[in-house]
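> My structure is below; once you've seen it, I'll send some questions.
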Amino acid sequence: MEDVLGYVESHRGNFLAELQELLRIPSISADPAYREDVLRCSQFLADHLRGIGLSVEIFQTPGHPILLAGTPVIPGAPTVLYYGHYDVQPVDPLDLWQTPPFAADIRNGNIYARGASDDKGPVFAYIKGVEAFLRTRGKLPLNFRFFLEGEEEVGSTHLDPFIAEHRELLKADVVVIADTAQFAPEVPSITYGLRGLAYLEVNLQGPSHDLHSGSFGGTVPNPAGILVDVLSRLKDKRGVIQIPGFYDKVLPLASWEKEMYDSLPFDAEEYRALTGARKLRTEEGFTPLECRWARPTLDINGLYGGYEGPGAKTIIPARAGAKVSMRLVPDQDPAEIADLFARYVLSLCPEDVSVKIKNLHGGKPILINVNSPWMKAARTAITKGFGKAPVLAREGGSIPVVATFKEILQVDSLMMGFGRPDDGAHSPNEKLCLDDFYRGILTSVYLIDELARSAAGT
């Protein structure tokens, strides 16, 4: 591996300059004003992948393009499918950024930009790993395909239909995803489980229009007050979700998982400080790590209704609403949970308001076999790339495509990201540690080698 690793070492400066160029493209998928920039970002990656020797296909969708790029085909060799996304979150609030969000500024050993950690940095690290093989050997020891989308930050609306329609084209032996994080700085990890998601919006309508609270107060239903009452009954003071049937299919933690969680270098006070909260609030009877990774949740993500401007405006609002997300664990089903939620909310609402409940988004939870040959290869690759063995971890968030890959392609995913928990993904001043970027490139090189050896039985 000396030739490939030597290429990586001698091109570190080039890799960083190219990453900065990628990060300076404001590919915000949620804002139509940036549609051309999202397109420009997809074209940048397509051109770059072609430039290092891959064949590239660009698939147009009703949203943003999907890229599929492959190394020169080796008949009979295993195929690795790398999934990532090139779109980024909006940058608001802009005034909290120390430097412009797309300046790709470098300071204190980090590169600061929206998308640095989520997910352009990790995507680019794997592109550079593939480049190192192609530039030194002309080929990889296996088939490697990049599958990159531009709608991950807006729910990947067109992704599942694309996978179903192109399942033969996407056929692979294993999927690699780097859109996760280390357990802690300098503590690399492999994610073996993801929570799912059920995301709904509740809207209550009272009077036909806003009313003067002096003239009509006390005589008509106030949807804002009713909504507050309904939301307050979704959980009790112990943090237990009150929806009937909500916990029926929750898979308990295995004994080895509980022991492993207790052995991890987790400091609850450091975690609290990272959040800025005055104290942690967990479900009664469970540790913070268990609540973060392996217990289902229910959170109010947004509230609206009535007057929100400066000063006073004494009205009874005509309507009020809330957006609510529930993180799910195996073996909960998002469609079933959404239905249970809707039924419970409807049972709590009085007849003098009309209720609309919209299911906005969902994703299934998943667990990966931690003893597979692919997982063994991933552990070895990270150990070599980072200089220390990874821990196993679950992820509290959701990557719905992992379940899709399992259901449609019948293949497991190796989730081995190298960002840090304090990288600020989705927040102002998002960053990526440059040491981690280079370790990620090394890990990608070792992973390609180890997966090829694993498939060959060596």
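The values are calculated or read from the model by the stated rules, or taken from the named source; none is laboratory data. Computed from a prediction, not measured in an experiment: that's the story for all the values here. Ideal geometry is used to build each Cβ from the backbone, glycine not excepted, and the neighbour counts take in all protein chains shown.
> Restricting attention to segment 151-173, and to residues there that are aliphatic (A, V, I, L, M) and within 19 Å of the chain's Cα centre (by Cα), which single residue is nearest to Leu360 (Cα to Cα)? Step through it out loud before you land on a result.
First, the residues of segment 151-173 that are aliphatic (A, V, I, L, M): 154, 159, 163-164, 169-170, 172.
Now drop any that are not within 19 Å of the chain's Cα centre (by Cα), which leaves 154, 159, 163.
Values: Val154: 11, Leu159: 16, Ile163: 21 Å.
Checking each candidate, the answer is Val154.
> Only one of (1) of a type outside the set (Asp, Glu); (2) free of Cβ contacts under 8 Å to residues at least 40 places away in the same chain; (3) buried (at least 17 other Cβ atoms within 10 Å of the Cβ) fails for Val202. Which number is that?
Against the list (1) of a type outside the set (Asp, Glu); (2) free of Cβ contacts under 8 Å to residues at least 40 places away in the same chain; (3) buried (at least 17 other Cβ atoms within 10 Å of the Cβ), Val202 comes up short only on (2).
> Can you work out which of the residues in segment 27-41 that are surrounded by fewer than 22 Cβ atoms within 10 Å (Cβ to Cβ) and not acidic (Asp, Glu) is nearest to Ser156 (Cα to Cα)?
So the first thing to find is which residues in segment 27-41 are surrounded by fewer than 22 Cβ atoms within 10 Å (Cβ to Cβ), and the list is 30-37, 39-40.
Going one step further and asking which of them are not acidic (Asp, Glu), we end up with 30, 32-35, 39-40.
Numbers: Ala30: 11, Pro32: 15, Ala33: 19, Tyr34: 17, Arg35: 15, Leu39: 16, Arg40: 19 Å.
Looking at residues that are surrounded by fewer than 22 Cβ atoms within 10 Å (Cβ to Cβ) and not acidic (Asp, Glu), I get Ala30.
> Residue check, Lys171 against (1) in the same structural domain as Gly84 (by TED's automatic domain parsing); (2) in contact with a Phe, Trp or Tyr (Cβ under 7 Å, 6 or more places away or on another chain), all met but one. Which one?
(2)
> Given (1) surrounded by 15 or more Cβ atoms within 10 Å (Cβ to Cβ); (2) in the same structural domain as Met415 (by TED's automatic domain parsing), where does Asp333 come up short, assuming only one miss?
(2)
> Also: Against the condition under 20 Å from Val88 (Cα atoms) and touching a residue at least 40 places away in the same chain (Cβ under 8 Å), how does Leu5 come out, does it pass?
Numbers: under 20 Å from Val88 (Cα atoms): no; touching a residue at least 40 places away in the same chain (Cβ under 8 Å): yes.
The answer is no for Leu5.
> Also: I need the full set of residues from segment 342-357 which are assigned to a helix (DSSP H, G or I) and either over 12 Å from Arg233 (Cβ atoms) or of a type in the set (A, V, I, L, M) (or both), in order please.
Applying the first criterion (assigned to a helix (DSSP H, G or I)) to segment 342-357 yields 342-348.
Answer for segment 342-357, where residues must be assigned to a helix (DSSP H, G or I) and either over 12 Å from Arg233 (Cβ atoms) or of a type in the set (A, V, I, L, M) (or both): Ala342, Arg343, Val345, Leu346, Leu348.
> Anything in segment 100-129 that is outside any loop (DSSP other than H, G, I, E, B), touching a strand residue (DSSP E or B) at 6+ places or on another chain (Cβ under 6 Å) and not small (Gly, Ala, Ser)? List them, or say none. Lay out the reasoning, then the answer.
Residues of segment 100-129 outside any loop (DSSP other than H, G, I, E, B): 105-107, 110-112, 116-129.
Next, from what is left, pick out any that are touching a strand residue (DSSP E or B) at 6+ places or on another chain (Cβ under 6 Å): 105, 110-112, 116-117, 119, 121, 123, 126.
Within segment 100-129, Asp105, Asn110, Ile111, Tyr112, Asp119, Val123, Tyr126 meet the criteria.
> A further question on this structure: Got a number for residues in segment 22-47 being in contact with a Pro (Cβ under 8 Å, 6 or more places away or on another chain) and either within 14 Å of Phe124 (Cβ to Cβ) or among the hydroxyl-bearing types (Ser, Thr, Tyr) (or both)?
Selection size over segment 22-47: 2.
> A further question on this structure: Residues that are at pLDDT 95 or above and either on the phi > 0 side of the Ramachandran plot or within 22 Å of the chain's Cα centre (by Cα) (or both): which strands (runs of 3 or more DSSP E) entirely in segment 20-99 hold 2 or more of them? Please lay out each step first, then the result.
Values: elements: 55-59, 66-70, 79-85.
Because the criterion is at least 2 residues that are at pLDDT 95 or above and either on the phi > 0 side of the Ramachandran plot or within 22 Å of the chain's Cα centre (by Cα) (or both), the strands (runs of 3 or more DSSP E) in segment 20-99 that meet it are 66-70, 79-85.
> Can you tell me which residue within segment 341-359, out of those that are within 22 Å of Pro317 (Cβ to Cβ) and exposed (fewer than 15 other Cβ atoms within 10 Å of the Cβ), is nearest to the chain's Cα centre (by Cα)? Break it down stepwise before answering.
Filtering segment 341-359 for residues within 22 Å of Pro317 (Cβ to Cβ) gives 345-346, 348-358.
Narrowing further to those that are exposed (fewer than 15 other Cβ atoms within 10 Å of the Cβ): 346, 350-352, 354, 356, 358.
On the way: Leu346: 31, Pro350: 37, Glu351: 39, Asp352: 40, Ser354: 35, Lys356: 28, Lys358: 22 Å.
Across segment 341-359, the extreme among qualifying residues is Lys358.
> Out of Pro373, Pro390, I need the residue that is touching a Ser or Thr at 6+ places or on another chain (Cβ under 6 Å), of a type outside the set (D, E, K, R) and farther than 18 Å from Leu81 by Cα. Which one?
Values: Pro373 fails: farther than 18 Å from Leu81 by Cα.
From the options Pro373, Pro390, the qualifying one is Pro390.
> Would you mind finding the one in Ile408, Ile441, Ile448, Ile382 that is in a helix (DSSP H, G or I), within 14 Å of Ala181 (Cα to Cα) and of a type in the set (A, V, I, L, M)? I'd like the intermediate steps shown before the answer.
Working: Ile408 fails: within 14 Å of Ala181 (Cα to Cα); Ile441 fails: within 14 Å of Ala181 (Cα to Cα); Ile448 fails: within 14 Å of Ala181 (Cα to Cα).
That would be Ile382, the only listed residue that is in a helix (DSSP H, G or I), within 14 Å of Ala181 (Cα to Cα) and of a type in the set (A, V, I, L, M).
> Condition check: free of Cβ contacts under 8 Å to residues at least 40 places away in the same chain and closer than 26 Å to Leu68 by Cβ. Does Glu165 satisfy that?
Numbers: free of Cβ contacts under 8 Å to residues at least 40 places away in the same chain: yes; closer than 26 Å to Leu68 by Cβ: yes.
So Glu165 fits the description; yes.
> Would you please list the contacts, defined by Cβ atoms under 6 Å and residues six or more apart or on different chains, that run from a residue in segment 44-69 that is exposed (fewer than 14 other Cβ atoms within 10 Å of the Cβ) to a residue that is assigned to a strand (DSSP E or B)?
Correct list of pairs: Arg50/Val56; Ser55/Gly70; Glu57/Leu68.
> Now a separate question. Can you confirm whether Ser29 is within 16 Å of Glu131 (Cα to Cα) and among the small types (Gly, Ala, Ser)? Break it down into steps so the answer makes sense when it comes.
On the way: within 16 Å of Glu131 (Cα to Cα): no; among the small types (Gly, Ala, Ser): yes.
Criteria not met by Ser29.
> How many of the residues in segment 406-444 are surrounded by fewer than 24 Cβ atoms within 10 Å (Cβ to Cβ), among the hydrophobic types (A, V, I, L, M, F, W, C) and modelled with pLDDT of 95 or more?
4
> Ok, one more. Based on what the data block shows, is Glu283 in a helix (DSSP H, G or I), touching a helix residue (DSSP H, G or I) at 6+ places or on another chain (Cβ under 7 Å), modelled with pLDDT of 95 or more and within 30 Å of Ser263 (Cβ to Cβ)? Lay out the reasoning, then the answer.
Numbers: in a helix (DSSP H, G or I): no; touching a helix residue (DSSP H, G or I) at 6+ places or on another chain (Cβ under 7 Å): yes; modelled with pLDDT of 95 or more: yes; within 30 Å of Ser263 (Cβ to Cβ): yes.
Criteria not met by Glu283.
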